[in-house]
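A short worksheet on the structure shown next.
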Amino acid sequence: MRAIAVSEYGATPAPMNLPRPEPGPGEILVKMIAAGLNPLDWKVADGMLKDSVDASFPLILGQDGAGVVDAVGEDVTRLRHGEQVYGTFAMPERGLGAFAEYALARDDGPVARMPEGMIYTQAAAVPTASVAALAMVEEARVDAGQTVLVVGATGGVGQGVVQLAAREGAKVIATARDDMAGTMRRLGADETVDHSEGDLNAQVLAVHNDGIDAVIDTVGDTPETEVIAQLLRPGGTYVSSVWSVNPDAMEAMGLRGINFDTDPSAELLDRLSDLIDAGDFQVRAEREIPLEDAPGALADNRAGGARGKTVIRI
Ligand SMILES: NC(=O)c1ccc[n+]([C@@H]2O[C@H](COP(=O)([O-])OP(=O)(O)OC[C@H]3O[C@@H](n4cnc5c(N)ncnc54)[C@H](OP(=O)(O)O)[C@@H]3O)[C@@H](O)[C@H]2O)c1
């Protein structure tokens, strides 16, 4: 089968012909129709997670995807042959991932039936980023009446955070360059601040001079985080998806600091499916590319400035 893989950590991702996997007990084989690209994919290829993730090579890249259940192993009880599913498919210890014609998933793993009426290329853009958004908003304990700054709001995770925090009734301030400000407002942001136009804190304080309640950040490094945290009122919360928070330092400032680590599950995907089916959550696939172009798209995402989600047609 065709797949995009690396021969070792740090190698350039490339198209390869690799054996089609067979589902073992408790596993499903999915014929992939679309895959979604995340920063995690190039981080895995670069070996940035090698101390925490076991991998075998060649390693097929890709977490997210959507497709049709093609075969089921023994003891599979939840998902059935022919069902449309979406979720996260990476099994790095077996060299398997979503950027391939076929992928495996565990029947009790982070794969769920696709939202009704959603096409494969949209569904593939959902899992990693939107599951993270849902869980980060919950960890931040975002509540009605609070003011929340979303840093990285225009990215895959950030667009989900903006929608879900607004849905909780919070006042949402989204970082966005000028050309994305309208999109952020349509997704539920009350205000935008432009991170390319000078001091972020000054822009926020100009409107909220008594501070804000929470920051959900998918971008900042630790020095930036320490500066942005000065916006928080006592008792405020800072959640980072890039592990930029020093929780002890935050506690000493009377704040709650959380480094978020995703734990995707079928339950979280089902909750997203319900929101999507109800018209309460949307994911925008900005760019659709063929499988062969995935190496270039990974390089673009690593270089930054890749707006919204890139989806791969398989
Ligand atoms: N810990 C976890 O479990 C977990 C889970 C999911 C994701 N993540 C991580 O979270 C990060 C974001 O993921 P993603 O999928 O949302 O990435 P993405 O889609 O590539 O989005 C990144 C966004 O950040 C914006 N940005 C860049 N610099 C900025 C700045 N200084 N201030 C404000 N916004 C800025 C970019 O907009 P412009 O181009 O306009 O600047 C872009 O829209 C990645 O590092 C990913 O690996 C972690």
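Averaging 1/r over each pair of different alpha-carbon atoms in segment 1-73 and inverting the result gives 13.3 Å, the Kirkwood hydrodynamic radius.
At a temperature of 4 °C and a viscosity of 1.567 mPa s, determine how fast the chain diffuses translationally according to Stokes-Einstein, using the Kirkwood radius over alpha-carbon pairs as Rh; express D in µm²/s, rounded to the nearest whole number. The partial results should precede the final answer.
Values: Rh = 19.9 Å.
This corresponds to a translational diffusion coefficient of 65 µm²/s.
Suppose R0 equals 51 Å. What FRET efficiency, 1/(1 + (r/R0)^6) with r the Cβ-Cβ distance, do Asp143 and Glu8 give to the nearest 0.05? Working shown, then result.
On the way: r = 47 Å, r/R0 = 0.92.
Efficiency, rounded to the nearest 0.05: 0.60.
For segment 152-253, the per residue solvent-accessible surface stands at 45 Å², with DNA, RNA and ligands left out and a 1.4 Å probe.
Averaging the Cα positions of each part gives two centres, and for segment 287-311 and segment 233-254 these lie 32 Å apart.
Across the chain, Cα pairs under 8 Å and at least six residues apart give a relative contact order of 18 percent. Under a 5 Å amide H cut-off, with hydrogens placed 1.01 Å from N, Ala3 pairs with Met16, Leu18 among residues at least 5 apart or on other chains. Only Lys, Arg, Asp and Glu carry charge here, each on its Cβ (+1 for the first two, -1 for the last two); on that basis the chain has a dipole of about 640 debye about its Cα centre.
Look at where the Cα atoms of segment 125-148 and of segment 17-48 average out, and the two centres are 26 Å apart.
For segment 227-303, what percent of Cα pairs sit more than 18 Å apart? Present the calculation step by step, with values, prior to reporting the outcome.
Numbers: 1946 of 2926 pairs.
The share of Cα pairs beyond 18 Å in segment 227-303 comes to 67 percent.
Under 5 Å from the amide H of Gly236 lie the amide H atoms of Arg256, each residue being 5 or more positions distant or on a separate chain, with H modelled from the backbone and absent for Pro and chain starts. Each residue of segment 102-111 is assigned a 3J(HN,Hα), and the resulting list reads 9, 9, 9, 8, 7, 4, 9, x, x, 9 Hz, derived from the Karplus form 6.51 cos²θ - 1.76 cosθ + 1.60 (θ = phi - 60°), x at Gly and Pro. In order along segment 35-44, the Karplus-derived 3J(HN,Hα) couplings, from 6.51 cos²θ - 1.76 cosθ + 1.60 at θ = phi - 60°, round to 10, x, 9, 10, x, 4, 5, 6, 5, 5 Hz, and Gly and Pro are given as x. Residues in segment 162-171 carry Karplus couplings, in order, of 4, 5, 6, 5, 5, 5, 6, x, 7, 7 Hz; the curve used is 6.51 cos²θ - 1.76 cosθ + 1.60 with θ = phi - 60°, and Gly or Pro positions show x.
Using only side-chain charges placed at the Cβ, +1 for Lys and Arg and -1 for Asp and Glu, the dipole size of segment 30-140 relative to its Cα centre rounds to 200 debye. Here the scattering of segment 160-262 is modelled by Debye summation over its C-alpha atoms, one equal scatterer each and no solvent; at q = 0.09, 0.13, 0.23 Å⁻¹ the log10 of I(q)/I(0) is -0.21, -0.45, -1.40.
If you put +1 on each Lys and Arg Cβ and -1 on each Asp and Glu Cβ, how big is the dipole of segment 79-149 around its Cα centre, in Debye rounded to 20? Please report the intermediate quantities before stating the final value.
Details: 5 positive and 9 negative charges, 20 e Å.
Charge dipole, segment 79-149, about its Cα centre: 100 debye, nearest 20.
Put simply, segment 129-194 fits an ellipsoid with semi-axes of 17, 13, 9 Å; these come from the alpha carbon gyration tensor as the roots of five times its eigenvalues, largest first.
Legend: residues Glu288, Glu251, Glu116, sorted from most to least accessible area (1.4 Å probe; ligands, DNA and RNA excluded), read Glu116, Glu251, Glu288.
For Thr175, the residues 5 or more places off, or on other chains, whose built amide H falls under 5 Å of its own are Val150, Gly152, Ala153, Val193.
When the Cα positions of Thr175, Leu232, Gly145 are compared along the charge dipole of segment 129-259, Gly145 comes out farthest toward the positive end, with charges on each C-beta of Lys, Arg, Asp and Glu.
The values are calculated or read from the model by the stated rules, or taken from the named source; none is laboratory data. Keep in mind that what you see is a predicted model, and the values were worked out from it rather than measured. As a convention, Cβ positions derive from the backbone with ideal geometry for all residues, glycine included, and neighbour counts pool all protein chains shown. Just so you know, the surface numbers come from the protein's heavy atoms only, side chains and all, with ligands and any DNA or RNA stripped out. Shrake-Rupley method; radii C 1.70, N 1.55, O 1.52, S 1.80 Å.
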